[in-house]
Ligand SMILES: Cc1cc2nc3c(=O)[nH]c(=O)nc-3n(C[C@H](O)[C@H](O)[C@H](O)COP(=O)(O)OP(=O)(O)OC[C@H]3O[C@@H](n4cnc5c(N)ncnc54)[C@H](O)[C@@H]3O)c2cc1C
C-alpha cells in the first residue's frame, strides 16, 4: 500500500483541481491528476502557442511520458554527441545508448509534437488513459489568484474556485507573487539564444552537413563565449534541424529588449553576423534558416517555497532555469508525475490540512532535483551562484550530473529513496547526492563528457 494512504480511499469523488496554463507542466499535470480527480485547465491562448522549435526530453522525462502512453514515435533518438570547435575541427564523437544506460530513450522532439501529444494523451476519452478527460478551456486569461479561498479571477471578471489551484503559468507567472508574497522577476543572465528550425532538404543536399541526419544526436560547435547546438527532430513526416545559438548579449548585432520581453523574432542575417568568427560551413548552416527567434536567457534564484494554503507552483512558475542542461520541460514533467503520485489516494473528503501536507511533501521531494537543475544549468553558463553553499546544491561533473538526472524512475520511487536517505544517514538529500552517486563503469565509458545541450 502507498505510504500516502492515510486519506480515505472509499469516497468516490475526486478533488476539483484548476490548473492555470496549458504548457508542458499544465498538460502533464492534467494527465497525471485526471486519474483520480476532476481537472480543469485554463489557458490564455489557443493551443497553438508552442514555439516552432525543438525540445528534448531526457531519459528521466521520456521514461514518464512513455509510461503515460504519450506517442512520441516520430521523435528521433539521441544516439551520438559530436563536439567541434567554432572553426569546425572535430574534438570528439561519442555514441550513446540512453535506453541501455538509463532505462529510456533520450528523445529529440519537435515542440509542437510534444505539446500535441501531451494534449492528446491528457484528454484521451477512448479508455486508453485512466480517469476522466480534463476540461481544457482556451482563451481564459487569469489575472488574479486568491490563495485564501483557492480561486482565480479571469480577465472577464469570472471567478472560479477549486480544492487545489496549480499554477503552471510559466516564467511570468501571475500566481507566483500570491504564493511567495513577493514579485520576483527573472533577471537577464547576460546571454541570449537564437533558435531556428531548418527544414531538412537543403541540409541533406549539402555534402558538408548531410551527416547530421546519418545518426541522430547532438552536434555542438564551441567557441570561448558562444556555442551553436544542432540536432534533428521531425514533424508530420518532415525532418528538421533545430539550432540553438547562444552568445553573450553584448556580442549580439541586434538589440534585445531587456526590460519587457525575452522572446522575440530575430534576424537570420544578424544571427550569421553574430557567429562570423565561426567557420564558413557553420555560417552557411545558420543561413539555411528562413526565420529565427531570439530569446534572452533569464535566471532566477531558487524559491524558498512553492505553495501557500492549497495553491502550488509547478514548472517554470516554480523553478525557471537557464536552458543549458535542457531540463526545464523535463523537470516540469517530473513535477506532474510527483503530484499524481501524492494525490492518487486523496479524495473530496480530505481536509485542507491534509491537502497542504501533501503540497508541502511535494515541495520537499521536488525542490532538491529542480534546484539542482537550476544551479547546475547556471554554473555551466555563469558560474556558481554566490549563495550556493548556503543552498547546499552540489555542482557535479557532467558524468555524475547525467547519471543523477537520468536514472530517475518516478515520483513514488524517488519518495521511497529519499525516505531511506534521510533515515540512514541523517543528512539532507542534497548532501547525499554527490556522495551517493557512483557511475557504473559501462556508463562512464559510454557517456559523453559534455552534457550541455544548448
Ligand atoms: C532556448 C531554450 C531551450 C530549451 N530547451 C529545452 C530542452 O531541450 N528540454 C527541456 O526539457 N526544456 C528546455 N527548455 C525549457 C522549457 O522550454 C521550459 O522549462 C518549459 O517549456 C516550461 O513549461 P511550463 O509549462 O512550465 O511553462 P510554459 O511553457 O511557459 O507554459 C505556460 C503556459 O501558461 C499559459 N499562461 C501564462 N499565463 C497565463 C495566465 N495568466 N492565464 C492563463 N494561462 C496562462 C501560457 O500561455 C503557456 O501556455 C528550453 C528553454 C529555452 C529558453
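The values are calculated or read from the model by the stated rules, or taken from the named source; none is laboratory data. Because the structure is predicted, anything quoted here is derived from the model rather than measured. Every residue, glycine among them, receives a Cβ derived from its backbone with ideal geometry; neighbour counts consider all protein chains shown.
Numbers for the structure displayed
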{"read-out": "Lone qualifier among 171, 220 - being within 14 Å of the ligand (Cβ to nearest atom), at pLDDT below 95, farther than 21 Å from residue 267 by Cα and touching a helix residue (DSSP H, G or I) at 6+ places or on another chain (Cβ under 6 Å)", "value": "171"}
{"read-out": "Condition broken by residue 363, with the remaining ones in (1) in contact with a strand residue (DSSP E or B) (Cβ under 7 Å, 6 or more places away or on another chain); (2) crowded, with 24+ Cβ neighbours inside 10 Å; (3) at pLDDT 95 or above satisfied", "value": "(2)"}
{"read-out": "Exclusive hit being in contact (Cβ under 8 Å) with a residue 60 or more places away in the chain and under 30 Å from residue 89 (Cα atoms), set 215, 150", "value": "215"}
{"read-out": "Residue in the range 174-189 that is in contact (Cβ under 8 Å) with a residue 60 or more places away in the chain and within 25 Å of residue 220 (Cβ to Cβ) present", "value": "yes"}
{"read-out": "Those strands (runs of 3 or more DSSP E) lying entirely in the range 97-163 with at least 3 residues surrounded by fewer than 17 Cβ atoms within 10 Å (Cβ to Cβ)", "value": "135-138, 142-146"}
{"read-out": "Where residue 340 falls short, out of the listed (1) at pLDDT 95 or above; (2) more than 23 Å from residue 164 (Cα to Cα)", "value": "(2)"}
{"read-out": "Checking residue 251 against (1) surrounded by fewer than 20 Cβ atoms within 10 Å (Cβ to Cβ); (2) touching a strand residue (DSSP E or B) at 6+ places or on another chain (Cβ under 7 Å); (3) within 22 Å of residue 88 (Cα to Cα); (4) modelled with pLDDT under 95, the condition it does not meet", "value": "(2)"}
{"read-out": "Matching residues in the range 16-40 - criterion: being part of a loop (DSSP other than H, G, I, E, B) and near the ligand (Cβ under 8 Å from one of its atoms)", "value": "21, 22, 23"}
